[in-house]
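Trainee: Before I ask anything, let me first share the structure, which is written out below as structure tokens.
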Amino acid sequence: QVRLEESGGGLVQAGGSLRLSCAASGRTFSSYTMGWFRQAPGKEREFVAAITWDGEVTKYSDAVKGRFTISRERGANTVHLEMNSLKPEDTAIYYCTPASIITLEPQWSDFWGQGTQVTVSS
């Protein structure tokens, strides 16, 4: 069974940091662009960051640029999201999935893990 598992979320004060991880199992996604997306209560899921298979190209939403860093080890089946200077508006469930570095959209609309909750208190 192919699965994505996100971890590393939690409760943090504004200005704090968290490091999220995404591990894939059941198949390798080492040749895919991977993306992080988030969904806040009452809002649609939105793009956060993406990284190409070789780590050479990264893209970020304007909301997180300069504060978040996406990374991966070439050939590894894990992706990370380092989140610094967190704000209350970053509160959401965070998901990873294969994505397009061009459109910044998920590769498949129905392939998601359980996500990991990030809550930032003011």
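The values are calculated or read from the model by the stated rules, or taken from the named source; none is laboratory data. Nothing here was measured: the structure is a model prediction, and the numbers come from that model. FYI the Cβ positions are ideal-geometry reconstructions off the backbone, even for glycines, and counts take in every protein chain you see. These area figures cover heavy atoms from the full protein model, side chains too; ligands, DNA and RNA do not enter into them. Shrake-Rupley method; radii C 1.70, N 1.55, O 1.52, S 1.80 Å.
Trainee: For the chain, what is the charge dipole size about the Cα centre, in debye to the nearest 20, if Lys and Arg each add +1 at the Cβ and Asp and Glu each add -1 at the Cβ?
Mentor: 120
Trainee: A follow-up question, please. Take the solvent-accessible surface of the protein heavy atoms, probe 1.4 Å, and return the percent of it on the range 62-112 that carbon and sulfur atoms account for.
Mentor: For the range 62-112, the apolar C and S fraction of the accessible surface comes to 49 percent.
Trainee: Another question, if that's okay. Compute the signed sum of charges (Lys and Arg +1, Asp and Glu -1) over the other residues within less than 12 Å, Cβ to Cβ, of THR58.
Mentor: 0
Trainee: Also, quick follow-up: Please name which of ASN84, THR116, ALA40 has its Cα lying farthest along the dipole of the range 3-122 towards the positive end, using unit charges on Cβ (Lys, Arg +1; Asp, Glu -1) and the Cα centre as origin.
Mentor: Looking along the dipole axis, the top candidate is ASN84.
Trainee: Next question, about the same structure. Below 12 angstrom from the Cβ of PRO106, what's the summed charge of the other residues (Lys, Arg +1; Asp, Glu -1)?
Mentor: After counting each charged neighbour, the total is -2.
Trainee: Tally Lys and Arg at +1 and Asp and Glu at -1 over the other residues with C-beta under 13 Å from the C-beta of GLY10: what net charge comes out?
Mentor: -1
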